[in-house]
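Inspection log for the structure reproduced underneath, given as structure tokens.
The values are calculated or read from the model by the stated rules, or taken from the named source; none is laboratory data. The structure displayed is predicted, hence computed values, not measured ones. Neighbour counts are summed over all protein chains in view; Cβ atoms, including those assigned to glycine, are modelled from backbone coordinates with ideal geometry. Surface areas here come from the heavy atoms of the whole protein model, side chains and all, with no ligands, DNA or RNA. Shrake-Rupley method; radii C 1.70, N 1.55, O 1.52, S 1.80 Å.
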Amino acid sequence: MIVRIFQVVTRPGKEEDFSKFFHGTAIPLMRGTKGIVQVLPGAPRDDTPREFSFVMVWESLEALKAFVGEDYTSPHIDPAEAELVESRSIKHYELVE
């Protein structure tokens, strides 16, 4: 299994707009995606007010590629969030059981 950690930093002043997108679109989309075993969404804390994250466990690299394409190492974003995001990062790990 593959652990995928996706982190986003919003543009200043766009936290509320991104939060609406995150809760209304991104979380439901990821929870309903074939090949995902678990989704753990992370919302901002007081010390990181513009940071959001997803920790996702995928059943396999093939399942992940089926969703994002062969270039799975690039952080793909929905066009609706592009104007809200200052930066994004993505990392992958093998799940240790």
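Observations, loosely collected:
- Candidate aspartates and glutamates - alpha carbon under 20 Å from K34, same-chain residues fewer than 8 apart omitted: E59, E62, E70, D71, D78, E94
- Low-density loop cleavage sites - GluC sites (Glu not before Pro) in the range 31-90, where at most 10 other Cβ are within 10 Å (DSSP): E70
- Using θ = phi - 60° in the Karplus curve 6.51 cos²θ - 1.76 cosθ + 1.60, the 3J(HN,Hα) couplings for the range 80-85 round to 5, 9, 3, 6, 9, 9 Hz; x is entered for Gly and Pro.
- 3J(HN,Hα) along the range 60-68, derived from phi through the Karplus expression 6.51 cos²θ - 1.76 cosθ + 1.60 where θ = phi - 60°, amounts to 6, 5, 4, 5, 4, 5, 5, 8, 9 Hz, with x in place of Gly and Pro.
- Considering only T25, T33, T48, the mean-square fluctuation computed in a Gaussian network model of the chain, springs between alpha carbons under 10 angstrom, is largest for T48.
- As a fraction of the 1.4 Å probe accessible area of the chain, surface on carbon and sulfur atoms comes out at 50 percent.
- For the chain, the solvent-accessible area with a 1.4 angstrom probe is 62 square angstrom per residue.
- For the chain, the mean residue ellipticity at 222 nm estimated from helices alone is -5000 deg cm²/dmol, where every DSSP H run of n ≥ 4 contributes -39500 (n - 2.57) and the total is divided by all residues, rounded to the nearest 500.
- For the range 28-97, the relative contact order is 23 percent, taking Cα pairs closer than 8 Å that sit 6 or more residues apart in sequence and dividing their mean separation by the residue count.
- Of V9, V85, the order by accessible heavy-atom surface (1.4 Å probe, DNA, RNA and ligands excluded), from most exposed downward, is V9, V85.
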